[in-house]
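J.: The structure under discussion is supplied below as structure tokens; questions concerning it will follow.
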Amino acid sequence: MERYRTHVMICTGTNCISNKAWEIKEALEAEIAKRGLEDEILVVPTGCDGFCAVGPIIIVQPEGIFYQSVKVSDISHLVEEHFLKGRPVKSLMYVPPGEKEPIPKMKDIAFFQDQRLIALRSRGMINPERIEEYIGRDGYKALAKVLTSMTPEEVIEEVKASGLRGRGGAGFPTGLKWESRKRAKDYPKYVICNADEGDPGAFMDRSIIEADPHLVIEGMAIGAYAIGASYGYVYTRVEYPLAIKRMEWAIQQAREHGLLGENIFGTEFNFDIEIFKGAGAFVCGETTSLVTSIEGRAPEPRQRPPRTELWNKPTVINNVETWANVPVIILEGAKWYSQIGTETSKGTKVFSLAGKINNAGLVEVPMGITLREMVYKIGGGIPNGKRFKAVQTGGPSGGCIPESLLDLPVDYERLTEAGAMMGSGGMVVMDEDTCMVDVARYFLEFLNSESCGKCSSCREGINAMLEVVTNICQGKGREGDIEFLEELGAAVIDASLCGLGQSAPNPVLSTIRYFRDEYEAHIRKRRCPAGVCRELIQYSINPEICTGCLLCVKICPNEAIVGEKKKPQTINLDKCIKCGACYETCKLKAVVIT
């Protein structure tokens, strides 16, 4: 690769592929060959670059020029201007919200500036389907180090000293988990990578595997050596075809290079991995259900203690991001790692930043960063000048944090204190047009449909909470409903068997905690302050603003808007189905919600 003067790195993560990244790659290679530049310019397909809101992304190295929202039709002009004439194309560069001048280089874009990459250390830099490129960035060096110069006990002590905690949600100290399984005398032992990422709005684990599968494999091999395991599973859902493909290819390459299998690095260490494809049940993200699924039985949680064990044998289960941290800790040292983050939450965390945010995407930041920095610096603020209202962290079982807590540091303890949780790293931003009661209803609906139904507290309790919240959204709420939800939520938490049921009431309890006034408005005034709940809103037209352009008349699906051209229109409330089409169409904002 050194013979090429330019490397064109094109993102081929799932998001960019859905926007024709492969077609763009083919067009690039064809245009480069057409211009006779194939010996000077190499096109490299990479994993996710993170800035998903502006994909497909192309980064031209070594200059670091960042191109966004690239189309196949842009390629001829891009090659002509940039690669032949040396003039970077400004029209394809990123322009921050509210500004006019583009930013040419990736390093100068605010989205990337406060990030610190560990699990995403090779983001946008290697072809994930070529093991040689991973090895070229010190890949498998950590595995070689532990196999040739460290005892299993020393590996565990290093992980313990780093302060690494499980990134799957619970935050249990990784080294302590490994130590307990090392002490177990029964054999065989297993390690499992939990890649069953089912949270709405979350795509961290999928993206890590798509971008750097060998990092996860290396971490699992190190963990297996530490506890004395000889076999591992990557448990992922069948809905992740690209992640599965790249992990399968990486496992095959690792075997061919002697990095999986027998006598790895010429030692007596034997270890291999296979992929287990789950059907996509949300409950399989819970470790005891995951293990039950691998065993070929219905995925239902088990009572703990005893510990989660595959076929009643000692087993370590960590999620994708946890395993991805391990090789870097071994290479850089526990002291280095423990200096990142906060006193109780060391290192970095990968988040999927989604929702009503300008710069949606995948980010890795030091623990302790504030929500304000996440939303307004990295995330670029709220689109269309809207006001921030809340951010939901921790997936569907997480909690909603209000504007008053925007300066809250992001770590395990502070999020829990605020009524939310770290979870696996989903972070959904909401603006002023969001109804928080409807948000609680949405997440309860998801959790209710995904409940395995094993314990009545979860099966019946979540369903009962959903019924009450739905009634509130439909204008059927009654006095005492809020108190009933609080009491029932506490009961579900106390009585549910697994962590999913125990956290399921969080969306309701956190929104009541911080947005109680919205619940009261729905119940007492039969009004949705955000204008979201259909049964509680009414559309009308302000005659002082309406010019009679008839756009609303043309868009109305039920012919509910009447009036003469160039004169104010009126809405027939008996025919109005409250679809909101007129409200969204009116450029003068003459249609109002009452």
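J.: Scan segment 221-249 for residues that are free of Cβ contacts under 8 Å to residues at least 60 places away in the same chain and either on the phi > 0 side of the Ramachandran plot or of a type in the set (Val, Ile, Thr) (or both) and jot them down.
T.: VAL234, THR236, VAL238, ILE244
J.: Count, please, the residues in segment 180-204 that happen to be surrounded by fewer than 18 Cβ atoms within 10 Å (Cβ to Cβ) and either over 16 Å from the mean Cα position of the chain (by Cα) or closer than 19 Å to VAL234 by Cα (or both).
T.: Qualifying residue count for the region: 7.
J.: Mind listing whichever residues of segment 275-309 are surrounded by fewer than 12 Cβ atoms within 10 Å (Cβ to Cβ), of a type outside the set (A, V, I, L, M) and in contact (Cβ under 8 Å) with a residue 40 or more places away in the chain?
T.: GLN303
J.: Continuing with the same structure: Please find, among GLY175, GLY232, the residue that is under 20 Å from THR292 (Cβ atoms) and assigned by TED's automatic domain parsing to the domain that holds PRO306.
T.: Residue meeting the stated conditions: GLY232.
J.: Additional query: Could you please find all residues in segment 89-125 being free of Cβ contacts under 8 Å to residues at least 24 places away in the same chain and crowded, with 16+ Cβ neighbours inside 10 Å?
T.: If the condition is that a residue be free of Cβ contacts under 8 Å to residues at least 24 places away in the same chain and crowded, with 16+ Cβ neighbours inside 10 Å, then VAL89, PRO102 are the ones that fit.
J.: Condition test on SER496, is it free of Cβ contacts under 8 Å to residues at least 60 places away in the same chain, crowded, with 20+ Cβ neighbours inside 10 Å and within 28 Å of the chain's Cα centre (by Cα)?
T.: yes
J.: Output the helices (runs of 4 or more DSSP H) that fall wholly within segment 1-119 and possess 2 or more residues being over 29 Å from LEU371 (Cα atoms) and among the β-branched types (Val, Ile, Thr), or say none.
T.: Counting at least 2 such residues, we get 21-34.
J.: Any residue at all in segment 357-367 that is within 21 Å of the chain's Cα centre (by Cα) and either without any contact (Cβ under 8 Å) to a residue 24 or more places away in the chain or assigned to a helix (DSSP H, G or I) (or both)?
T.: Within segment 357-367 (the criterion being within 21 Å of the chain's Cα centre (by Cα) and either without any contact (Cβ under 8 Å) to a residue 24 or more places away in the chain or assigned to a helix (DSSP H, G or I) (or both)), the answer is no, since none of the residues qualifies.
J.: Residues in segment 394-444 that are among the β-branched types (Val, Ile, Thr) and out of contact with any helix residue (DSSP H, G or I) (no Cβ under 7 Å at 6 or more places or on another chain): how many?
T.: Count: 3.
J.: Which condition from (1) closer than 30 Å to SER345 by Cβ; (2) of a type in the set (Gly, Ala, Ser); (3) part of a helix (DSSP H, G or I) is the one that GLY198 breaks?
T.: (3)
J.: Still on this structure: Residues of segment 250-274 being more than 15 Å from VAL216 (Cβ to Cβ), part of a loop (DSSP other than H, G, I, E, B) and either in contact (Cβ under 8 Å) with a residue 24 or more places away in the chain or not polar (S, T, N, Q) (or both), which ones?
T.: Within segment 250-274, HIS257, GLY258, GLU262, THR267, GLU268, PHE269, ASN270 qualify.
J.: Next question, about the same structure. So which of TYR94, TYR4 is among the aromatic types (Phe, Trp, Tyr) and farther than 30 Å from ILE131 by Cβ?
T.: That would be TYR94, the only listed residue that is among the aromatic types (Phe, Trp, Tyr) and farther than 30 Å from ILE131 by Cβ.
J.: Condition check: closer than 20 Å to PRO173 by Cβ, under 21 Å from the mean Cα position of the chain (by Cα) and modelled with pLDDT of 95 or more. Does MET374 satisfy that?
T.: no
J.: Another question, then. Among the listed residues GLY223, GLY232, identify the single one that is at pLDDT 95 or above, of a type outside the set (A, V, I, L, M, F, W, C) and assigned to a strand (DSSP E or B).
T.: Among GLY223, GLY232, only GLY232 is at pLDDT 95 or above, of a type outside the set (A, V, I, L, M, F, W, C) and assigned to a strand (DSSP E or B).
The values are calculated or read from the model by the stated rules, or taken from the named source; none is laboratory data. The structure displayed is predicted, hence computed values, not measured ones. When we count neighbours, we look across all protein chains shown, and the Cβ atoms used for this are built from the backbone with ideal geometry, even at glycine.
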